[in-house]
Amino acid sequence: MSVGSKGLHRWSPWLFISPWLLGLIVLFVYPFIASLVWSFTEYDLLTSPRFVGVDNYKRIAREFIRGEGFGKALWNTFYFAAVSIPLSTVMAIGLAVMLNWKVRGQAVFRTLFYLPSMVPMVASSILWLWLLDPRDGMVNGVLAYFYETPPLWFQGMQEGVSLPTPFQFGSKDGLALMSFWGVGNFMLIYLAALGDIDASLYQAAELDGAGRFQKFRYITLPMLSPIIFFNLILGIIQSVQAFTQVYIVSEGTGQPAESSLLISLQLFLTAFRDLEMGYASAIAWALFVILATATWGLFRSSRNWVHYRGGRL
Amino acid sequence: MFRKVSGALLLLLSVIILIWGMSISLSSPSPDDREEVVFWHFWSGPDGEVVDDVIRRFNQSQDLYYVRGVSMPGNNFDMKLFLSVTGGDPPDLINQDDPIVADWAFRKAIFSMDEIAPLEEVEQMRKWLLPSARKLGEYDGRLYAVCNGLDVRALYFNRDIVEQALRREAPDELESLEQLDEIARLCTRYSDGELTQIGYLPDPRRLWVWGSIFGGDFYDESTGRVTPDDASIEKALRWMQSYRERLGANAVATYRQNDQSLPNKMFPLLAERYAIVLDGQWRVRDIEAAQQATNKMRGTVTRYGVWPLPSVSPNGKTGWVNGNVFLVPRHAKNSKGAWEFIKFWTGIDGNEAEAARTCAAGGWIPVSNAVAESPEFQSYLQSHPLFARFVELAATDQETTPLVPGANRYYREVNNLVQRMMYNDDSVDLSKELTALAEDMQQHIDRIRYRSLYKEGPERD
């Protein structure tokens, strides 16, 4: 082997991964660091940033305490996540379990339930705008039998799962309901995990006289717990990133009266409508810290409820 | 065999897509030896065709400049522009309809027209424009934007419903606000206790209109302070609130349902869900299309009318206007060509007939009397009487959203407050809310001003 080819040999791994490395540096590392620097500045995108210390973070704290701006958007996002994630999880597991039953046309049913996940978000958002129309929507057409005044959905500021207005569903509830549309993705993961559960566990349980519910409670759920944990974290991240559907149903404003202003839309409006890129960067970093803390908390708590085959991690 | 066939099909598809893509780029007209003017706008569909036609006519009339129009429908126009500015490759001309002129001018994101065109031509333009069109583009005594189409609001009404409710002919104009309230009440219908038709319902986004009609000012130029807590604005808000009290917040929210922005047959006036609607001149096209369709099917054609907003206060304006404006981003490579195109489109300097043709094709309100009074446009108005009322209104004393840095957020927050008040049955202390809003928005605007004052680093332009 010549000296030249030896050198090439030494560098070839780096050459092979260089496109990815370049992408990582340009598209991830640089924006990551730049946004941290900008969060300590006032920056309107058009002129050079000016250092303002921790002013942006003080503003975040102020708005958080008063429940305005960032505080309001954070609450909206928390509410949306708190309603949509548990319901989506229950729905996805329920569907996966049912679609795992050996029945005629199983493949057809699986395809049917997965199909909605393939509809583009813009199209499904417009569809849901029609479905949840307070006056002419099909959903309220059914609910009219149970409600004297059916929910306002995207036109309402109410929160159906909070104490002041129980069961009076508003814009955030509408968004949470919309999230069921994409439950097929989670369902698919659960379905794969269900197929991975060792049949001998069920056979052993049956020998011990376990019924269908007991098998689900003591075998299926614990065996699915790593996947539930994974989907939970994914769900939180998706809730924080929810943008397209919010933008469409609220005409890009978070209306009515900011009741559907989720944090990603607030960040977008701050950066590109109000031209406060410095403050928007601070919001992004505050969010990063909140998300990291929540994920860390989940990991800590997972020791008590997530069961890995072969023992805990 | 199957693999081979599918592979061949895939290859064929790729080749077709490649040829199609190449044909697009090859068929783009070449600017020859003329200077290219890149023009970003948000029009598409029928309006986009009108814009393409204006560009084609301009390019035919020119041997110096060549306009290349780029349609960017959607709401993220601002973001794309800022990224292009930051990236150092902005377009030469853009069209906008948000209240951003003062904000962008203040941040030196756009040129003042006197920086790109001879001063005498700019002065001529200022005098030539209608006062409302001029107001939309002026900031700090300079013309930063040139209006190319005004959006005027008035009250559309279903003549059949109104006359049935009144049991006489509908008036040509409303004498007072009380008359509007009365007609609205008479036209509101219930069936088995359920609301089925609204007479009139103030849209939460239209405090800007009613506040001006009531004689309120949203901004005090002499002190540089925002004044949403103006007593007349509060009065207008209380009047809007009276509709919520009468109908209930639930009905108000249900009936609003983004209605005002819905197109064609979903327009609530055509669906007979409203008897009276406050909207802009672009609805004339929807109404005429619906009438023609009914006519074609030999059905009974519903009659519609337009009322100017009633006079409420001696200090009140006749309405609230916004519109489309041309802006030239800083660092534009061909601002001179952009100015020539602006002149062609608006109709100044002997281009009146061309501008009249544009306005008639798009159903747009001319920005100067010189165009509105041209024979071409007058003949268009004769065949579109509803539209003619809007053109008349455009020449009256119309108010605009304040031209102040941070106006975009100010506009949004005022609308948020009205939504909170209209969609909620809980009693809200309006004075307190408006005062808090004034303080909050003043802080926002001062923050922008302060930042500019203490800006460090390289030259702002």
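Couple of notes before you dig in:
- Condition check for B:Val371: of a type in the set (Val, Ile, Thr) and part of a loop (DSSP other than H, G, I, E, B): no
- Test result for A:Arg104, assigned by TED's automatic domain parsing to the domain that holds A:Phe229 and charged (D, E, K, R): yes
- Residue list for region B:61-91, restricted to those being hydrophobic (A, V, I, L, M, F, W, C), modelled with pLDDT of 90 or more and open to solvent by 60 Å² or more (accessible area, probe 1.4 Å): B:Leu64
- Any hit, region B:173-187, residues being more than 15 Å from B:Leu309 (Cα to Cα), in the same structural domain as B:Arg283 (by TED's automatic domain parsing) and of a type outside the set (D, E, K, R): yes
- Exclusive hit being under 25 Å from B:Gln419 (Cβ atoms), outside any strand (DSSP E or B), of a type in the set (A, V, I, L, M) and within 21 Å of the chain's Cα centre (by Cα), set B:Val152, B:Val209: B:Val209
- Filtered residue count, region B:209-240, keeping only those that are touching a residue at least 60 places away in the same chain (Cβ under 8 Å), surrounded by fewer than 24 Cβ atoms within 10 Å (Cβ to Cβ) and polar (S, T, N, Q): 2
- Region B:411-440: number of residues that are more than 10 Å from chain A (Cβ to nearest Cβ), in contact with a helix residue (DSSP H, G or I) (Cβ under 7 Å, 6 or more places away or on another chain) and at pLDDT 90 or above: 6
- Unique match (being open to solvent by 30 Å² or more (accessible area, probe 1.4 Å), within 29 Å of the chain's Cα centre (by Cα) and away from chain B (no Cβ under 14 Å)) among A:Trp14, A:Trp101, A:Trp38: A:Trp101
For (1) without any contact (Cβ under 8 Å) to a residue 24 or more places away in the chain; (2) surrounded by 21 or more Cβ atoms within 10 Å (Cβ to Cβ), each residue gets a yes or a no:
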position	(1), (2)
A:Ala123	yes, no
A:Leu129	no, no
A:Gly156	no, yes
A:Pro166	yes, no
A:Glu206	yes, no
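Let's see how each residue does on (1) part of a helix (DSSP H, G or I); (2) among the aliphatic types (A, V, I, L, M); (3) open to solvent by 20 Å² or more (accessible area, probe 1.4 Å):
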| site | (1), (2), (3) |
| --- | --- |
| A:Gly252 | no, no, no |
| A:Pro256 | no, no, no |
| A:Tyr279 | yes, no, no |
| A:Ala284 | yes, yes, yes |
| A:Thr295 | yes, no, yes |
| A:Asn304 | yes, no, yes |
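- Subset of region A:104-143 [at the interface with chain B (Cβ under 10 Å from one of its Cβ atoms) and either farther than 12 Å from A:Met178 by Cα or small (Gly, Ala, Ser) (or both)]: A:Asp133, A:Pro134, A:Arg135, A:Asp136, A:Gly137, A:Asn140
- Just one of the listed residues (B:Ser191, B:Ser212) is closer than 28 Å to B:Ala102 by Cα and among the polar types (S, T, N, Q), and it is B:Ser212.
- Residue in region A:251-264 that is more than 17 Å from the chain's Cα centre (by Cα), among the aliphatic types (A, V, I, L, M) and within 14 Å of chain B (Cβ to nearest Cβ) present: yes
The values are calculated or read from the model by the stated rules, or taken from the named source; none is laboratory data. Since the model is a prediction, treat every value here as computed from it, not as a measurement. Reconstructed Cβ throughout: ideal geometry from the backbone, glycine too, with neighbour counts over all protein chains shown. These accessible areas exclude ligands, DNA and RNA; they are computed on the full protein's heavy atoms, side chains included. Shrake-Rupley method; radii C 1.70, N 1.55, O 1.52, S 1.80 Å.
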